[in-house]
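Take a look at the structure set out below.
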Amino acid sequence: MEHRIGVFVCHCGTNIAGVVDVKRVAEELAKYPGVAYSTDYLYMCSDPGQNLVKDAIKEHGLTGVVVSACSPTLHEATFRRAGAAADLNQYRVEMANIREHCSWVHRGDKEMATEKAIKIIKTMIEKVKQNEALEPISVPMTHRAMVVGAGIAGIQAALDIANAGHDVVLVEKEPSVGGHMAQLSETFPTLDCSQCILTPKMVEVSQHPRIKLLTYCEIDDVSGYVGNFKVRIKKKAAYVNRDVCNGCGLCIEKCPAKTASEFDEGLSERKAIYTPFAQAVPNQPVLDRDHCIYFESGKCGVCQKVCPVDAIDYEQKDEFLDEEVGAIIVATGFDLYPIVNIGEYGGGDIKDVVTSLQFERLLSASGPTGGVVRRPSDGEIPKEVVFLTCVGSRDPEGHMPYCSKVCCMYLTKHAMLYKHNEHDGQAYVFYMDVRTPGKDYEEFYQRAAEEDDVLYIRGKVSKLFEEDGKVMVWGVDTLTGQKVEIAADMVVLGLAMVPSATATELAKMLKIQMNQWGFYSEAHPKLRPVESLAPGFYLAGAAQGPKDIPEVVAQASAAASKVCALFAEKEYHREPIVAWIDEDECAGCRICISVCPYDAIEFDDEKEVARVQEAICEGCGARIAACPSATAQQRNLTDDQLYMMVSAALED
Amino acid sequence: MKIPYYPGCTLHERALDFDMASRECANALGVELEELPVWTCCGAVFPLTTDSVMDILAGVRNLAYASRMGDKVVTLCSFCYNVLKRSNKVIREDEEKREKANLFLKADTDERAEMESYLEQDYVGQVEVLHYIEMLRDVVGFDKVAKSLKTSLKGLRVAPYYGCMLLRPKKEMEFDDPERPTIFEDFLETLGCDVVDFPMKAECCGGFQIVRDEETAIACSQTVLSSAIKRDADLIITTCPLCLYNLDRKQKEMAKRVKGFTKIPVIYFTQLLGIALGIDEEHLDFSDNYVDPRPVLAGKKLV
Amino acid sequence: MRLRLSTDSIRNASIERVEDLSGQALSSCYQCGRCSAGCPVVDEMDLIPNEVIRLLQFGQIKKVLRSKTIWICASCMQCSARCPKGVEFSSICDALRAMVLRMRLATPAVDAGNLSRVMVSKAPQMGVVSALRKLLNG
Ligand SMILES: Cc1cc2nc3c(=O)[nH]c(=O)nc-3n(C[C@H](O)[C@H](O)[C@H](O)COP(=O)(O)OP(=O)(O)OC[C@H]3O[C@@H](n4cnc5c(N)ncnc54)[C@H](O)[C@@H]3O)c2cc1C
Ligand code: SF4
Ligand code: SF4
Ligand code: SF4
Ligand code: SF4
């Protein structure tokens, strides 16, 4: 076949053209063997740019196209679509990355950058020359989604998908849905009551005909691929028969064993058989065997005796359920950075130094103090309350380097609500910067300072310690250059947000990426913020990075709509750039089976050859490198192609 | 068991009580502190600037001496410990400084030939610098210490004062958690004392500022002392002669300045250990202390 | 008071010298002030530690070398221990002292010839030696 390749060199404004001599590149490549057309343009991805490609394909009868511009992760799909619109098989359109790989990294050296751009493009021309015309692989798809984590993120995502007409399995590890939002008192910037806006949604997920709610459950194993996941779920033994229990709560009332309440962050006690909070959904208790007298000594058994419907079952075992789904949204949320790590603030040993979530519970009308702020040590109402920002955040030396994004706002809210509670009291906020980047947030902060007399002090506190029943605060005001000392009644720590404890384990099981701190990574920080790079996985909420409720909800809805878009097709279409094997040549050594990370290779025992399951293969190339007889090849990335590409790059 | 021991100038001269008590305790625990046959001042401060190799030589030289006796060297004074440990780290991690320092050491061996200081091999950080308290924990073992006790210190409320030099800089010292250290608490518990945890245990006593301006240092010391006093400590222990000087000797000035100032004895930790090990009071020597600890100890029937 | 800033005034040889001698990057400091908040002798300083660093970030070496602060610092390293950015102010202070002493810009903060008899005869050697090395020797 005669090659008629088109080369389209993009300026990307000055991003490329400011460094690479794009005109010269286009001219040079016009002379390259097989190139029938070569040109440059200001923005190739724009409408006129794409039309340029389409028209050239038709006019010059192009057999392949190389768009020399940015990274394929950004615009490969764009230009493939343009090619297809002009009846060129989309897999005969390639991108040569002369931005990230060239102009951005060689800013100072125009000559070298230009030479390098030419080489990069030549390699792609060589590739395109041998590209086969392929069609996407079609795979059947289960139109059913799973959402892991039922905080506000998971709840919102599940509702949106279910309301769009798809079934959803919602998995939550705790006995109730709601996540951290259920613990909050009132929410910035409008100060509406958190429970009031959340509980209707909690009830809705539990009653929605399309949502299967699995609380007190964990993901045990995941296999399969986008459109066809098989998930094994562990239903933890609750020692309460959930089919029978009517939620009367008699067992809770009579249980004699107590332990610290997780929901109240240790500020109150719960029973061994419990629901985390009064509005829990579902409203059925679970029995915590670590604190149950029966499990410790075989005595008690009170709950079983009092239960009117005979729901208590001490013999209950963990159960396993298998669910098939087409897409998975991970919404496992956050935890607070452990206070024990902050030795200079007492590491949790100073009673009246509380975490921000503890303070939420003290402010909450349903909290342990009925919404009156009382200090833990003696139950007194504090008169001097100090709030510390960036505790464990923005601290690359000792803790987390990133900004936790919500603490400036919630501490302002705390100070404000405390003042609404206690007009005579004084609230101080030590800050480095007050970050209020949200709609109506800055106004909220100003209101705290102006109307509630919250005193903002610019400086980071060095040490907290107990002295004469007070918490001594050693701070500084960098604006006046003085050390500041406050004998506080209570101190609230705006602790950093970190990924929830099980996030890393889950990520490994799902094979999705995280950043170094354990937040799930999005496929592209700007353009694909709610997808994981691994196909079929979507991200929502604080599990992907610190964020507040409005942002969490927006992201959850976005992830839901991505799932719905996936489900809009009957089948799933995937990239055909996968491995294939010449059955006549395969020696049947099975080496490739051992290296494939996706279990995509099956072995035909009759013919004694390996066979690729195209629906599963991710095209990672591992087996191709491993195959000793070189019979395994990657479509459109064959050894021949690679050889020609390398040759083109090395040519003078 | 013999362990190479670097006393340093202060324990050799003005803090003889500390040196004696520590040796006696070691003996009672079956360890002989074997003083380096040759040693010099460590320099007392780790170099102020990064541009000098000369400034770490004092520390390195002593480590090199120690390397001829074994793979460990034990020291007591916080300043010596700080200088030796940090110099050792420089030698281990900074190749250029290591080479230069060794050239200097070789040059000096000629002059010191009569002191038998000939170095057979380069000093590359092969010696482990141990504080005496680390020796008690890691070489002797606190459990063995516990078994050797003759007198119970039960009911004696002791506040352990760490000061600065043992703990900081944390990446170089790697001694204990710099905010909430526990090694001396564990030690005191081994002795059966009531440990008084006080928030100023790792705050500065004023250090060498006592030489420039007493007021500055005394203000610091007073903050430390009053924090321990407020928590009803009977006495404070330390491992630094300068801390002891600021905290104990300067109580005379504090008493003059502050009405109703309560005095509190400050002693070396090995003096307390000595009491628990049943060592004769004479060998522990409390004669130098401004605030005599004996009344407090006598009150608990310990002396 | 007015501070005029320009490229030349901000980066100058003395500032680079401070960074070299101390091994600290001045630009790492984001001015949280924690060094000052925990300093035990801050009450007596004319410039608090973070102000010293701020002035250095502005290239104002003279003001810094003239300040009392560098002689008052007790080298307790608490500032360095708690700095969220890993900046060791104690080392910066050491370097500044060394610069003054090496260039003989000021009379040393202690007069070795005039130390009190009590001090010389009673104070522990390491205390005296470290004071002399920190405040007199550089
Ligand atoms: C003190 C404080 C005050 C705040 N105040 C406000 C405010 O006023 N306004 C505002 O907008 N935002 C506020 N926020 C932020 C808000 O709490 C979060 O944005 C929001 O709760 C995040 O929701 P989420 O669903 O992503 O995570 P979460 O609420 O953490 O929910 C995650 C859920 O996933 C579950 N889970 C975790 N791991 C697994 C697993 N492996 N398997 C199954 N389930 C799992 C958890 O049990 C939990 O139920 C505040 C935050 C704090 C800390
Ligand atoms: S058996 Fe356990 S859970 Fe039931 S009432 Fe007794 S202590 Fe409570
Ligand atoms: S949001 Fe505010 S308090 Fe929280 S880490 Fe960022 S700057 Fe600090
Ligand atoms: S603590 Fe560190 S970052 Fe903060 S002002 Fe001091 S030197 Fe700068
Ligand atoms: S080293 Fe100096 S500046 Fe830093 S805290 Fe100690 S006394 Fe203050």
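Within segment B:250-265, how many residues turn out to be open to solvent by less than 40 Å² (accessible area, probe 1.4 Å) and on the phi > 0 side of the Ramachandran plot?
The qualifying residues number 0.
Could you tell me which residue of segment A:376-430 is nearest to A:Phe359 (Cα to Cα), considering only residues that are of a type in the set (Phe, Trp, Tyr) and within 28 Å of the chain's Cα centre (by Cα)?
Only one residue tops the list, namely A:Tyr410.
Only one residue in B:Ala228, B:Ala233 is out of contact with any helix residue (DSSP H, G or I) (no Cβ under 8 Å at 6 or more places or on another chain) and not in a helix (DSSP H, G or I), so which one is that?
Exactly one residue qualifies, and that residue is B:Ala233.
If a residue must be in a helix (DSSP H, G or I) and away from ligand 1 (no atom under 16 Å from the Cβ), how many such residues does segment A:447-478 contain?
3
Among the residues that make up segment B:59-75, is at least one of them in a loop (DSSP other than H, G, I, E, B), surrounded by 24 or more Cβ atoms within 10 Å (Cβ to Cβ) and either under 20 Å from the mean Cα position of the chain (by Cα) or among the β-branched types (Val, Ile, Thr) (or both)?
The answer is no, given that none of the residues of segment B:59-75 is in a loop (DSSP other than H, G, I, E, B), surrounded by 24 or more Cβ atoms within 10 Å (Cβ to Cβ) and either under 20 Å from the mean Cα position of the chain (by Cα) or among the β-branched types (Val, Ile, Thr) (or both).
From A:Glu2, A:Glu94, grab the single residue that is open to solvent by 60 Å² or more (accessible area, probe 1.4 Å) and under 20 Å from A:Asn636 (Cβ atoms). Steps first, please.
Numbers: A:Glu94 fails: open to solvent by 60 Å² or more (accessible area, probe 1.4 Å).
Of the residues listed, the single one that is open to solvent by 60 Å² or more (accessible area, probe 1.4 Å) and under 20 Å from A:Asn636 (Cβ atoms) is A:Glu2.
Of everything in segment A:284-293, what is away from ligand 1 (no atom under 16 Å from the Cβ) and closer than 20 Å to A:Val203 by Cβ? Give them in sequence order.
A:Gln284, A:Pro285
Hey, any hits in segment B:50-63 for a residue that's touching a residue at least 24 places away in the same chain (Cβ under 8 Å), more than 22 Å from B:Val139 (Cα to Cα) and charged (D, E, K, R)?
Checking segment B:50-63: at least one residue is touching a residue at least 24 places away in the same chain (Cβ under 8 Å), more than 22 Å from B:Val139 (Cα to Cα) and charged (D, E, K, R).
Go through (1) open to solvent by 10 Å² or more (accessible area, probe 1.4 Å); (2) in a loop (DSSP other than H, G, I, E, B); (3) touching a helix residue (DSSP H, G or I) at 6+ places or on another chain (Cβ under 7 Å); (4) of a type outside the set (Ser, Thr, Tyr) for A:Asp424 and report which single condition fails.
Unmet condition: (3).
Please specify each residue of segment B:18-38 satisfying the condition of being within 14 Å of chain C (Cβ to nearest Cβ) and either touching an Asp or Glu at 6+ places or on another chain (Cβ under 8 Å) or in a loop (DSSP other than H, G, I, E, B) (or both). Full working, then the answer.
Step one: list which residues in segment B:18-38 are within 14 Å of chain C (Cβ to nearest Cβ), which gives B:18-19.
Matches in segment B:18-38: none.
Does B:Asp51 satisfy the criteria of being open to solvent by 10 Å² or more (accessible area, probe 1.4 Å) and in a loop (DSSP other than H, G, I, E, B)? Break it down into steps so the answer makes sense when it comes.
Numbers: open to solvent by 10 Å² or more (accessible area, probe 1.4 Å): yes; in a loop (DSSP other than H, G, I, E, B): yes.
Judged against the criteria, B:Asp51 is a match.
Inside segment A:33-50, can you point out the residues that are more than 15 Å from A:His60 (Cβ to Cβ) and not in a strand (DSSP E or B)?
From segment A:33-50, those more than 15 Å from A:His60 (Cβ to Cβ) are A:33, A:40-50; that's our starting set.
Answer for segment A:33-50, where residues must be more than 15 Å from A:His60 (Cβ to Cβ) and not in a strand (DSSP E or B): A:Pro33, A:Leu42, A:Tyr43, A:Met44, A:Cys45, A:Ser46, A:Asp47, A:Pro48, A:Gly49, A:Gln50.
Across segment B:236-271, what is the number of residues that are under 24 Å from B:Asp213 (Cβ atoms), free of Cβ contacts under 8 Å to residues at least 24 places away in the same chain and part of a loop (DSSP other than H, G, I, E, B)?
Residues in segment B:236-271 being under 24 Å from B:Asp213 (Cβ atoms), free of Cβ contacts under 8 Å to residues at least 24 places away in the same chain and part of a loop (DSSP other than H, G, I, E, B): 2 in total.
Among the candidates A:Pro282, A:Pro256, A:Pro276, single out the residue that is more than 22 Å from A:Ser366 (Cβ to Cβ) and either away from ligand 3 (no atom under 16 Å from the Cβ) or not assigned by TED's automatic domain parsing to the domain that holds A:Lys201 (or both).
After ruling out the rest, the residue left standing is A:Pro256.
Kindly provide the set of residues from segment A:457-495 that are within 14 Å of chain C (Cβ to nearest Cβ), without any contact (Cβ under 8 Å) to a residue 40 or more places away in the chain and open to solvent by less than 40 Å² (accessible area, probe 1.4 Å), ordered by number.
Passing the criteria: A:Ile457, A:Arg458, A:Gly459, A:Met472, A:Trp474, A:Val476, A:Asp477, A:Thr478, A:Gly481, A:Val484.
What's the number of the only condition in (1) within 20 Å of C:Leu105 (Cα to Cα); (2) more than 14 Å from chain A (Cβ to nearest Cβ); (3) basic (Lys, Arg) that C:Lys68 fails to meet?
Single failed check for C:Lys68: (2).
Got a number for residues in segment A:390-400 being open to solvent by less than 50 Å² (accessible area, probe 1.4 Å) and more than 23 Å from A:Ala488 (Cα to Cα)?
Number of matching residues: 5.
What strands (runs of 3 or more DSSP E) lie completely within segment A:323-389 and have 3 or more residues being open to solvent by 20 Å² or more (accessible area, probe 1.4 Å) and closer than 30 Å to A:Lys212 by Cα?
Answer list for segment A:323-389: A:334-336.
Within segment A:637-647, identify whether any single residue is assigned to a loop (DSSP other than H, G, I, E, B) and touching a Phe, Trp or Tyr at 6+ places or on another chain (Cβ under 6 Å), and answer yes or no.
Just the residues of segment A:637-647 that are assigned to a loop (DSSP other than H, G, I, E, B), to begin with: A:637-638.
After this cut, where a residue has to be touching a Phe, Trp or Tyr at 6+ places or on another chain (Cβ under 6 Å) as well, the list is none.
No; the residues of segment A:637-647 include none that is assigned to a loop (DSSP other than H, G, I, E, B) and touching a Phe, Trp or Tyr at 6+ places or on another chain (Cβ under 6 Å).
Assess whether A:Asp290 counts as being more than 16 Å from ligand 4 (Cβ to nearest atom), more than 29 Å from the chain's Cα centre (by Cα), more than 14 Å from chain B (Cβ to nearest Cβ) and not in a loop (DSSP other than H, G, I, E, B).
Answer is yes for this residue.
Give me the pairs, please: first residue somewhere in segment C:103-125 and more than 9 Å from every other protein chain (Cβ to nearest Cβ), second residue anywhere and open to solvent by 90 Å² or more (accessible area, probe 1.4 Å), beta-carbon distance under 9 Å, and either six or more positions apart or on two chains.
Listed pairs, sorted by first residue: C:Leu105/C:Arg66; C:Ala106/C:Arg66; C:Pro108/C:Asn137.
Any idea which residue in segment C:23-40 is most open to solvent (accessible area, probe 1.4 Å), counting only those that are assigned to a helix (DSSP H, G or I) and more than 10 Å from chain A (Cβ to nearest Cβ)?
Top of the filtered list is C:Ser27.
Could you tell me which of the residues C:Ala112, C:Ala95 is in the same structural domain as C:Gly127 (by TED's automatic domain parsing) and more than 10 Å from ligand 4 (Cβ to nearest atom)?
It is C:Ala112.
Just to be sure, is A:Ala626 at negative phi, open to solvent by less than 70 Å² (accessible area, probe 1.4 Å) and either in the same structural domain as A:Pro535 (by TED's automatic domain parsing) or modelled with pLDDT under 90 (or both)?
yes
Mind listing just one residue for me: the one in segment A:523-569 that is part of a loop (DSSP other than H, G, I, E, B), closer than 20 Å to A:Gly326 by Cβ and open to solvent by 40 Å² or more (accessible area, probe 1.4 Å) and, of those, nearest to ligand 4 (Cβ to nearest atom)?
Narrowing segment A:523-569 to residues part of a loop (DSSP other than H, G, I, E, B): A:523, A:525-527, A:529-530, A:532-536, A:540, A:544-548, A:568-569.
Narrowing further to those that are closer than 20 Å to A:Gly326 by Cβ: A:523, A:530, A:532-536, A:540, A:568-569.
Subset that is open to solvent by 40 Å² or more (accessible area, probe 1.4 Å): A:533, A:535, A:568-569.
Details: A:Leu533: 35, A:Pro535: 43, A:Ala568: 51, A:Glu569: 53 Å.
Out of the qualifying residues, it is A:Leu533.
The values are calculated or read from the model by the stated rules, or taken from the named source; none is laboratory data. Everything numeric here is computed off the predicted structure, so don't read it as measured data. Because the Cβ atoms are built from the backbone with ideal geometry, glycine has one as well, and the counts that use them run over all protein chains shown. We work out accessible area using only protein heavy atoms, side chains counted, and drop any ligands, DNA or RNA first. Shrake-Rupley method; radii C 1.70, N 1.55, O 1.52, S 1.80 Å.
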